[in-house]
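The values are calculated or read from the model by the stated rules, or taken from the named source; none is laboratory data. This is a predicted model, so every value here is computed, not measured. All Cβ positions, even for glycine, are placed from backbone atoms using ideal geometry, and neighbour counts span all protein chains on display. Just the protein is used for accessible areas: all its heavy atoms, side chains included, with ligands, DNA and RNA removed. Shrake-Rupley method; radii C 1.70, N 1.55, O 1.52, S 1.80 Å.
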Amino acid sequence: MHQYLFFIGDFPIRAYGLILSLSIILATGTAYFFARQDGRWHQHVPDLGIYCGLAGIVGARLWDVFFFDWDYYQHHLLEIPFVWQGGMAIQGGVILGAIVGIIYTRIHKIDTWAFADIVAAPAVIMGQALGRMANLMNGDAFGHPTGGNYGIIYPPTTLAYQVYGDKPLWPAEVWEGQLDIVIFVLLLLFRTTNHAKGQVFILYAILYSSARFFLEFLRGDYGTLLFGLKSAQFTSLAVILIGLVLFIRQGYCAERIGLSSKK
């Protein structure tokens with residue numbers, strides 16, 4: 001676990017920034033593969049990768065600042081752009097990235113739901129899985145103490161060590177990355193079914209939010225909000241409920257008009 005991979009002069013090359021950049025590039029490559037395989041819209045993927053990638057970074061940072069760490073950043077406003085310190089909330093990244101994606105598809109007259117199914121859902125969750133590696137290397141998005149002699153002990157330079165010292169912590173970010181891979185495979189399997197348009201992306205939102213809800217019980221990098229639940233869990237519950245309604249609605253509408261995403 002190394003926050004700094006090497007230095008160019010006095011300029012540090014951070015593992016966090018490098019892996020995060022690679023996650024965006026590789027997610028875009030995954031999206032291009034699926035779009036090219038489908039035969040539609042692959043020429044738009046590189047541009048969307050840039051726009052949605054940048055929007056995702058901004059959204060993830062702002063979501064973390066205002067919902068998780070505002071007590072600190074309200075007194076350190078100039079540090080808000082310092083993303084290399086850690087503190088990126090994937091929920092905010094997906095939301096702002098999705099908004100930018102919707103705007104782009106509307107401008108270019110692309111079927112938004114179909115594009116999200118073919119390109120966005122599998123690629124986004126792959127990017128998230130790689131992004132959790134960045135969190136591990138940086139020592140953020142960590143778990144709370146396991147209470148035993150098992151778990152991850154972070155080095156003194158990390159935020160996790162500053163909070164909990166040398167106590168072994170639950171590997172929350174590692175397990176989330178592994179679950180993201182599982183979700184990626186499940187989405188690929190679901191894509192082989194005669195699903196309604198939009199259901200792949202909606203299923204992504206439901207599955208990830210469900211995993212995130214339970215993993216939050218192990219997270220130790222911020223406190224609870226209400227009823228012993230954290231802000232990310234309330235967001236996850238909202239996404240699950242809305243997602244279930246939309247999933248059923250898309251299937252019902254497709255059945256009524258006799259269409260599916262494969263037609």
Note down the accessible area of SER209, probe 1.4 Å, to the nearest 10 Å². 10 Å²
Ranked packing of 223-232, 134-143, most packed first, by mean Cβ within 10 Å: 134-143, 223-232
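Pulled fully out, how much extra length does the chain show between HIS76 and LEU189, if you take 0.36 nm times their separation in residues and subtract their Cα-Cα distance? Could the numbers behind the result be given before it?
Details: separation 113, 0.36 × 113 = 40.68 nm, distance 4.58 nm.
Length difference between fully extended and current span is 36.1 nm.
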Close Lys-Lys pairs in the stretch 109-263, where close means Cα under 21 Å and separation is 8 or more or interchain: 5
Expected 222 nm ellipticity per residue - DSSP helices of 4 or more, -39500 (n - 2.57), all of the chain, to 500: -20500 deg cm²/dmol
About its Cα centre, what dipole magnitude does the stretch 100-233 give when the only charges are +1 on Lys and Arg Cβ and -1 on Asp and Glu Cβ, stated in debye to the nearest 20? 340 debye
Tell me, what is the percent relative contact order of the stretch 135-263, built from C-alpha pairs under 8 Å that lie six or more residues apart? 27 percent
Separation of the ILE8 and ARG36 label points, Cα + 7 Å toward Cβ, nm: 2.8 nm
Stretch CYS253-LEU237 to full length: gain in nm at 0.36 nm per residue minus the Cα-Cα span? 3.3 nm
Please work out how much accessible surface TYR252 shows to a 1.4 Å probe, ignoring ligands, DNA and RNA, in Å² rounded to 10. 130 Å²
In Å², nearest 10: area of ASP71 left accessible to a 1.4 Å probe: 120 Å²
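Filter the trypsin sites (Lys or Arg not before Pro) in the stretch 56-159 to those in DSSP coil with at most 15 other Cβ atoms within 10 Å of their Cβ, and list the result. Intermediate values should be presented prior to the final figure.
Values: sites: ARG61, ARG106, LYS109, ARG132; in loops: LYS109.
Here the sparse-neighbourhood loop sites are LYS109.
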Anisotropy class of the stretch 1-102 from Cα gyration tensor, a/c 1.5 cut: oblate
How many nm is it between the label spots at VAL245 and PHE214, if each spot is 7 Å from the Cα in line with the beta carbon? 2.5 nm
Can you list the HN-Hα couplings for the stretch 227-232, worked out from phi with the Karplus curve (6.51, -1.76, 1.60; θ = phi - 60°), rounded to whole Hz and with x for Gly and Pro? 6, x, 9, 9, 4, 5
Cut-off 10 angstrom, C-alpha nodes, Gaussian network model of the chain. Which of VAL94, VAL83, VAL200 fluctuates the most? VAL83
Pull up the DSSP beta bridges for the chain and report the antiparallel fraction as a percent, rounded to 5. 100 percent
Using each residue's phi in the stretch 59-67, evaluate 6.51 cos²θ - 1.76 cosθ + 1.60 at θ = phi - 60° and report the 3J(HN,Hα) Karplus result to the nearest Hz, with x for Gly and Pro. x, 5, 5, 5, 4, 5, 4, 8, 9
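Counting pairs of alpha carbon atoms under 8 Å apart in space and at least six apart in sequence, what relative contact order in percent does the chain give? Display every interim value, and only then the final one.
Values: 376 pairs, mean separation 48.7, N = 263.
Answer for the chain is 19 percent.
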